[in-house]
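Single-structure report; data block below.
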Amino acid sequence: MSAAVSAPPARSAAVTRTWVSTTYFAQGLPFMLINFLFAAYLTDIGVKEAWIGYLNYFGFAWSLKFLWAPAVDCWGTKRRWLLIVEGLLVVGFGLLTLLLVNGPRTAAAANGNVVLQVAIGTLAVLAVLAATHDIAIDGYYMEAIADPTEQAAYTGLRSLAFQVAKLFVRSALLALAGWIGWHWGFGLGAAALALLWLFHTAVLPRVEAARSHRTSMTEALGGFGRAFKTYLKQPGVALVLALLATYKLGDQLMFALNTTFLMREVGVSKPDLAWIGGIVGSAALTGGSLLSAWAIQKYGWRRTVWPLTLGMNLNIWLYVWLAWSVAQAKLDPGHPAPGLLVVTAVYAFEQFAGGLGASALIVFALRTCNPQFKAAHYAIATALASVGSATLGAKAGEIVEHVGYTRLFLLSFAVAVPSMLILPFALRLPQLQDPVK
């Protein structure tokens, strides 16, 4: 087995803060380039909603990454995996940038375009690499900071760095793409990742001791199999699995084509979307997450989960109203169309509400984990919770093409209802009780 060693005494807390910040920024950057910026590009050139929706299938790379995670433990070190995969991501996004230099600029040109097909194939490979990159970063983090108390102390910094990466893509890269060209947006993203790779190559501490015994893949998979069986033996496992799979389903379906809806249906320009989605949206999401985390800590999860859940799901009706208002304005010139401030307010509240539900889901997932297999159990729980965005979310474009955005958002609320029906029964489970203070 691999053994973690403490960071050398010369390593200061400032050094640790630096590499924690840069590695988790590097984790968020590929995720956003794949899941946000490319969808915005396809929207801008006029590709059909159905094809944009299919990009959600790339989410399976993150949902299923626990299946090949044992390989990162079995061979090499986490640092080596991190650097090799990060270097491959730089090459891949560089190739994607070159492809987009000659990529289509209109929907007509995109139809059957070989360059675009190669770009999407490249994106599929990059999704698998990015998910593997996540495994290596999380593994390196746990090797380099072995003390659980110290790990918890840096959790906020990890989250902040990831959010800054999202802000960077949603604001700076999107605005650059709008002003100069899409290949410039992806090019700057690739350049930023290249600088991070060079920095990590030079700075990341070597924290893993030499292996006296190299775990085989069979042993690693056997250990994961035991963890999986243990997870399925917890009380009320059917309720746990059902709630994990459905808890954020409405929010995930509503958000599957959010960028396309704002750009194409509402008419938000790329520069406006850069500050709405980047600055306003990130601030609202962070605020919702912080508020829900504070409420859970102060009042307990069981007392706060209903207000947080209702806040997340009832928010969907704001999008129903927004889509209906936009549609009415197109049909009737006398009907006032929602202005940019109204659109911004709806978007901000959606992000805020999503933050409320995200924190509630994290605490729920953690409470389903056995301390003996906490990492594996959490990977299983989060994978199940994200499957909805990769399956139902991928069909969002087809739904829009058949019935429009208003009915898509109505359907989003409909698929959110099952979680609220399951929740009262799940709250009776012993593992979901709040600890006695």
Helices (runs of 4 or more DSSP H) enclosed by the stretch 240-349 - at least 2 residues per element that are under 19 Å from G388 (Cβ atoms): 249-255, 301-314, 316-331
Against the condition modelled with pLDDT of 75 or more and touching a helix residue (DSSP H, G or I) at 6+ places or on another chain (Cβ under 7 Å), how does G187 come out, does it pass? yes
A394 being in a helix (DSSP H, G or I), under 28 Å from W324 (Cβ atoms) and touching a residue at least 60 places away in the same chain (Cβ under 8 Å): yes
Scanning the stretch 267-287 for residues that are out of contact with any Ser or Thr (no Cβ under 8 Å at 6 or more places or on another chain) and crowded, with 21+ Cβ neighbours inside 10 Å, which turns out farthest from L308 (Cα to Cα)? G281
Go through A383, A396 for me and flag whichever is in contact with a Leu (Cβ under 6 Å, 6 or more places away or on another chain) and in the same structural domain as A360 (by TED's automatic domain parsing). A396
The stretch 291-303 - residue that is surrounded by fewer than 19 Cβ atoms within 10 Å (Cβ to Cβ) and without any contact (Cβ under 8 Å) to a residue 40 or more places away in the chain and, of those, nearest to the chain's Cα centre (by Cα): W294
With respect to the numbered conditions (1) at pLDDT below 90; (2) crowded, with 18+ Cβ neighbours inside 10 Å; (3) over 30 Å from S12 (Cα atoms); (4) of a type in the set (G, A, S), which one is the sole condition not fulfilled by A161? (3)
What are the pairs with Cβ atoms under 7 angstrom where one residue, in the stretch 77-97, is farther than 24 Å from V115 by Cα and the other, located anywhere, is part of a helix (DSSP H, G or I) and β-branched (V, I, T)? Sequence gap at least six, or different chains. K78/V72; W81/V72; L82/I137; L83/T201; V85/T132
Enumeration of residues in the stretch 62-76 that are of a type in the set (A, V, I, L, M), surrounded by fewer than 21 Cβ atoms within 10 Å (Cβ to Cβ) and in contact (Cβ under 8 Å) with a residue 40 or more places away in the chain: L64, A71
Scanning the stretch 63-107 for residues that are within 18 Å of L195 (Cβ to Cβ) and of a type in the set (G, A, S) gives G87, G92, G94
I'd like to verify a number: residues in the stretch 178-192 that are farther than 13 Å from P30 by Cα and buried (at least 18 other Cβ atoms within 10 Å of the Cβ), how many? 3
Exactly one of G278, G250 is of a type outside the set (D, E), in contact (Cβ under 8 Å) with a residue 24 or more places away in the chain and farther than 24 Å from G339 by Cα, and that one is G250
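The values are calculated or read from the model by the stated rules, or taken from the named source; none is laboratory data. As the structure is a prediction and not an experimental result, all values here were calculated from the model. Note that each Cβ is placed from the backbone with ideal geometry, even for glycine, and that neighbours are counted across all protein chains shown.
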